[in-house]
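This report refers to the structure that appears directly beneath it.
The values are calculated or read from the model by the stated rules, or taken from the named source; none is laboratory data. None of these values were measured; they are calculated from a predicted model. All Cβ positions, glycine included, derive from the backbone under ideal geometry; neighbour counts span all protein chains shown.
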Amino acid sequence: MSVELFTSSLSHLFHYRPFLVTRIVSAMLNKFKNAFFSVVNNLDTASPDKNNDVGPNGEPKLPLKFPYTRPHFLQLNGEDEIQVAGDHAIRPIIVPRDITRIPWNSGYAEAVNAGKSLRNEDQARIHVGYLERRHSENGHSAEAAEFHTPPSTPEKDSISTHRPRQRIPYSYFALFDGHAGTGAAISASNELHCILHDKLMDVIHHLLPTVDTNESSQNGRNQVLWFPEREISVESFIVGALESTFHEMDNLIAEDRFVYRVTGGCTVVVSLFICGKLFVSNAGDSRAVLCRGRKAFPLSNDFTPETERQRIRKLAALQPELLGGEYTALDFSRRPNRRDIGQRLLYREPHMTGWAYKTVTPEDLKFPVVYGEGKRSRVLATIGVTRGFGDHDLRAPNSSILIKPFLSSQPEVRIVDIEKEAIYETDVLVMGTDGLWDVTSNERVAESVQRSLEQFPLEDVARYRYRFTSAAQDLVMCSRGKLNERSWRTADGKSATIDDISVFVIPLAAYKEEYLRWKQEMESQHQRQEENVSPDMAVNELSSVQSVAVIEGNQPGRMTDELHTNGTPSVQDTATLLDPCLDVKENNKNDAVIAAEEDADIVAPSVDATIDPLQQQQLPSAVVKSPTIDPEEEQEEEDNKNESSS
């Protein structure tokens with residue numbers, strides 16, 4: 001009886017409420033899918049079963065270098081909260097619990113995919129540190145519980161109390177969009193900022209010039225090994241540090257895959273705030289956009305097979321062995337088939353940007369190295385991005401052809417001089433993975449951010465600090481949309497993204513204010529150092545001028561000897577610097593320096609020679625003999641001195 005009642009009720013629902021039945025079935029399927037993913041997840045990460053340590057071919061499974069987790073600043077406690085944040089049916093928008101863990105109250109929000117992958121493959125990282133130069137030039141970098149301005153005021157060192165600390169603060173934001181696994185993204189999020197810190201420490205003497213003349217001259221001698229010296233800007237050193245960091249990170253993943261289980265690859269976009277400037281480094285299809293009011297200014301380009309088609313085809317033409325005889329570097333207006341053999345079709349060589357005609361041969365029927373248009377373009381019919389980390393073992397379908405030679409880890413770096421720009425409170429930098437940009441344009445992002453910020457007036461102190469978090473949440477909502485029947489739809493009824501979404505909204509005015517405050521403190525520190533100059537510097541002023549004048553008289557390309565701390569060269573150095581072969585007479589002479597004539601003899605001073613006590617401390621053991629003076633002129637000069645003294 002109960003079975004008949006259930007059957008009749010079900011048929012009644014199918015007949016009169018088909019939509020309700022569809023919703024019920026969809027919910028049941030989603031619950032089953034989530035339960036299945038949870039079981040697989042637990043088996044993959046925490047199962048004590050001995051079979052979990054065995055790979056698919058029976059070999060021992062490598063351990064994980066870093067466990068799977070969500071960004072540290074979200075403060076998700078335990079595996080349960082991570083699983084709730086990764087619910088593919090609900091796709092909750094996750095924001096940080098404590099925004100003081102993010103510099104300048106910047107906004108962050110994320111949402112998991114709609115079942116595209118088992119886990120959220122996006123990763124994010126925030127790091128606030130400083131570059132510090134001490135006697136050994138060892139830098140320190142730390143993450144505090146609350147991120148504020150890193151210490152930059154003069155502090156007493158426990159080891160050396162006569163020199164204040166010299167520090168350069170910096171802030172680092174990064175997004176990693178993983179694919180085919182989470183291993184590469186997790187490794188990069190844990191290690192990239194550490195490598196970057198070491199690279200910046202290598203050039204700290206260029207980023208933070210020392211006020212110590214002896215130390216700066218020593219650093220210059222260690223670095224400049226040829227002449228003439230090339231003028232290199234501070235920005236070039238930071239760009240070089242970023243580029244070498246990306247390259248080293250990719251090589252590290254390549255090495256780790258033999259020791260640890262590092263799956264898949266990832267794209268990366270990094271924003272580095274340092275020295276009053278913003279450096280945006282991008283490798284992949286993530287994006288950074290500067291929003292000023294309702295206008296958007298892109299600070300990165302998407303690197304996809306579509307945008308790098310010519311580079312990949314040129315590489316394939318120069319190294320055809322990479323194609324394995326299965327692909328072609330030619331690009332036809334449409335893919336030819338056997339019926340086109342002997343016919344003329346439009347095509348392009350790798351070195352061509354225009355089109356020409358070619359008679360199709362059987363060799364032209366091979367699959368093109370880059371196939372498809374727009375977001376559907378693929379390299380070797382496999383991957384849709386051309387720059388990033390990882391993918392070292394990725395191969396073409398049903399083939400042993402490696403795809404990594406066609407991929408690159410080189411970033412594109414763009415610079416914004418925040419110190420010199422007119423920055424307003426509503427100027428923000430929006431960083432997002434491709435899940436945001438697939439359905440939301442740059443202009444729409446700028447409009448959404450502006451609308452969100454307008455909802456938080458300055459008078460509302462309690463809510464004002466959360467304005468950037470709300471803006472990030474609204475951006476995720478724009479691209480994720482809402483679940484409508486069985487698909488996700490945006491507010492205007494279009495298809496929403498089913499990919500992972502991660503977004504940063506970073507205010508620029510707060511960084512500019514922080515940087516100007518740090519710069520003022522550094523200038524005050526230098527001023528205090530100049531005021532506390534030792535009295536011996538005044539005594540050694542003449543000798544310092546003499547040393548500089550002699551150095552400037554050297555021939556081009558000749559290395560000069562190191563100066564002492566007090567500015568006075570040693571006996572051996574003086575003899576070398578005053579060598580007649582240096583042709584001192586052809587250079588400009590300072591009025592305060594007694595220049596030696598070419599035929600002057602160098603003799604030791606006599607015991608009866610009268611020398612001023614101050615000059616006696618400066619003059620080396622070898623002095624310059626003056627030319628012969630007429631006795632009458634000498635007597636007349638002595639009389640004049642006596643009259644002036646009386």
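Looking across segment 240-282, just one residue is of a type in the set (A, V, I, L, M), more than 15 Å from Ile415 (Cα to Cα) and either assigned to a strand (DSSP E or B) or not assigned by TED's automatic domain parsing to the domain that holds Gly183 (or both), and that is Val268.
Of all residues in segment 95-125, those being closer than 14 Å to Thr182 by Cβ, touching a Phe, Trp or Tyr at 6+ places or on another chain (Cβ under 9 Å) and of a type in the set (A, V, I, L, M, F, W, C) number 2.
All of (1) buried (at least 20 other Cβ atoms within 10 Å of the Cβ); (2) touching a Cys at 6+ places or on another chain (Cβ under 8 Å) hold for Thr433 with one exception: (2). Among the residues of segment 331-381, the ones that are farther than 17 Å from Pro320 by Cβ, among the basic types (Lys, Arg) and in a loop (DSSP other than H, G, I, E, B) come to 2 in all.
Can you name the residue in segment 283-328 that is in a strand (DSSP E or B) and of a type in the set (Val, Ile, Thr) and is also nearest to the chain's Cα centre (by Cα) among such residues?
We begin by selecting, within segment 283-328, every residue in a strand (DSSP E or B); these are 283, 287-292, 295-298, 327-328.
Narrowing the set further to residues that are of a type in the set (Val, Ile, Thr) leaves 289, 328.
On the way: Val289: 15, Thr328: 35 Å.
Only one residue tops the list, namely Val289.
For segment 243-264, the set of residues classified as crowded, with 19+ Cβ neighbours inside 10 Å and under 15 Å from Asn282 (Cα atoms) consists of Thr245, Phe246, Met249, Asp250, listed by residue number.
Take Glu231 and tell me if it is closer than 22 Å to Phe279 by Cα, of a type in the set (Asp, Glu) and modelled with pLDDT under 95. Write out each step before concluding.
Values: closer than 22 Å to Phe279 by Cα: yes; of a type in the set (Asp, Glu): yes; modelled with pLDDT under 95: yes.
Taking the combined requirement at face value, the residue satisfies it.
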